[in-house]
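Reviewing the structure listed below.
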Amino acid sequence: MPDLSLLRELLPDERTALLITSDVNRRYLSGFPASAGAVVVTKSRLILMVDFRYYEAAQRAVQPPCEVVRCTRLIDDLNHIFLQENIQSVCIEDESVTVAYCNELQQALIPQVLTEGLSEKLIEMRTIKSADEVEKIITAQRITERAYTEVLNILRPGVTERKVAVELEHLIKLYGGERVAFDLICITGENTSLPHGVPGERVVKEGDFFTFDIGAVYEGYHSDMTRTVAVKSATDEMRMIYDTVLQAHLKAEQAIKAGNTAADVDIAARDLIEKSGYGEYFGHSTGHGVGLDIHEAPTVYKTNHTVLRDDMVITDEPGIYLPGRFGVRIEDMYLVKGNTPVDLAQIPKELTII
Ligand code: ZN
Ligand code: ZN
């Protein structure tokens, strides 16, 4: 259960409430996944509102102090609660509510609708993970690792990217993932120079790099890992590029310390790649937060001066991409803990020749 006192800092008095309508933040605050509904937070109450389809399941799953209220027409039922609690103004999630829904709420809700501060507060709260959230991220990672280790058995010359991707998705679900964390990136040869390449009919050849950027979802929480392996052989140039990316990844790892900024981590990796002469071939940020969303705050980039704090989970994923030739990326998730980041992955990072 998130620390509601942080959220209630947004409530100046008893007559203000927070209205959370996005799927991900309803889940974050109530612990209950549903495709519709709302969460209302007042100074003294936390209420999950769900319709008939979810009511019984929510009553079983939701823990106090969260109350479950069944709704039939959400806006009317919200007004009922707001009248009951004498709420004069209600703050909505400005980053996820559409303009159309905002207009509807402004017209139909009895309290005044405010649009500032709530999304930002939730984004900030979600950067700090509870032990339970970290466990779920680790479980999602272990599912990915088991599937990855097994799928390496079919990675050989002649197999298509698509076959590898489909097999991996199957194994992730078989081993307990509710779904894959994003469209899996399983790409070979020249396609590895595309940071977000899409698996297709391309056939694996001897001497290819093969890049896996993969993850699973477990109880709503995502994992994210990238490995680049060589098929049968690797040239000296491939080994040199791989080693440069690995050194950049490890430099960034050393910068993942509570009190450092996200920018410090990005600059550690970026400096090394730039000094090696490949700066122009590393065009994305070094990492991002991971949790109920695959990409969440903080962005690990040189312009983000967010201070890292204990229990944040961020990725470290530098890469070098040589257009039309090949690319290398290495990515793990790390838990911020004082001066010693915890690597949440258990797959070796040295160049693997399959
Ligand atoms: Zn990734
Ligand atoms: Zn990532």
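The values are calculated or read from the model by the stated rules, or taken from the named source; none is laboratory data. Note that this is a predicted model, so its numbers are computed, not measured. Note: ideal-geometry Cβ built from the backbone for every residue, glycine included; neighbour counts use all protein chains shown. Heavy atoms of the whole protein, side chains included, go into the accessibility calculation; ligands, DNA and RNA do not. Shrake-Rupley method; radii C 1.70, N 1.55, O 1.52, S 1.80 Å.
Descriptive notes on the structure:
- Note on Lys205/Leu250: beta-carbon distance plugged into 1/(1 + (r/R0)^6) with R0 of 35 Å gives a FRET efficiency of 0.75.
- Crossing angle, helix 74-84 versus the chain [Cα axis fit, 0-90 degrees, rounded to tens]: 50
- Taking a straight Cα-Cα cut-off under 16 Å and skipping sequence neighbours fewer than 8 places away in the same chain, the lysines within cross-link reach of Lys173 are Lys136, Lys163.
- Springs join every pair of Cα atoms under 10 Å in this Gaussian network model of the chain, and among Val290, Val24, Val265 the largest mean-square fluctuation is at Val24.
- The stretch 132-181 - Debye-derived log10 I(q)/I(0), Cα point model, q = 0.21, 0.23, 0.24 Å⁻¹: -0.69, -0.79, -0.84
- Excluding ligands, DNA and RNA, the accessible surface per residue across the stretch 213-323 is 36 Å² with a 1.4 Å probe.
- Heavy-atom accessible surface of the stretch 92-172: percent carbon and sulfur, 1.4 Å: 50
- Top of Asp208, Asp236, Asp316 by mean-square fluctuation, Gaussian network on the chain, Cα under 10 Å: Asp236
- Dividing the summed helix terms, -39500 (n - 2.57) for each DSSP H run of n ≥ 4, by the number of residues in the chain produces a 222 nm estimate of -11000 deg cm²/dmol to the nearest 500.
- Sequence-separation-based contact order of the stretch 207-323, relative, with Cα cut under 8 Å and 6+ spacing, percent: 26
- The P(r) of the chain has a tail past 32 Å containing 40 percent of all C-alpha pairs.
- Applying 1/(1 + (r/R0)^6) with R0 = 56 Å to the Cβ-Cβ distance of Leu152 and Glu14 gives a FRET efficiency near 0.45.
- Lysine-lysine proximity count for the stretch 198-354, Cα under 27 Å, sequence distance 8 or more or distinct chains: 16
- Charged neighbours of Gly207, selected by a Cβ distance under 13 Å, balance to 0 (K, R count +1; D, E count -1).
- Over the chain, Cα pairs under 8 Å with separation of 6+ residues give a relative contact order of 14 percent.
- For the chain, the antiparallel share of DSSP beta bridges with both residues in that region comes to about 75%.
- Selection from Ile128, Ile294, Val166 lying farthest towards where the dipole of the chain points positive, charges on Cβ: Val166
- On a per residue basis, the stretch 17-128 carries 49 Å² of accessible surface, using protein heavy atoms and a 1.4 Å probe.
- With every protein chain in place, the stretch 191-327: carbon and sulfur % of accessible area (1.4 Å): 49
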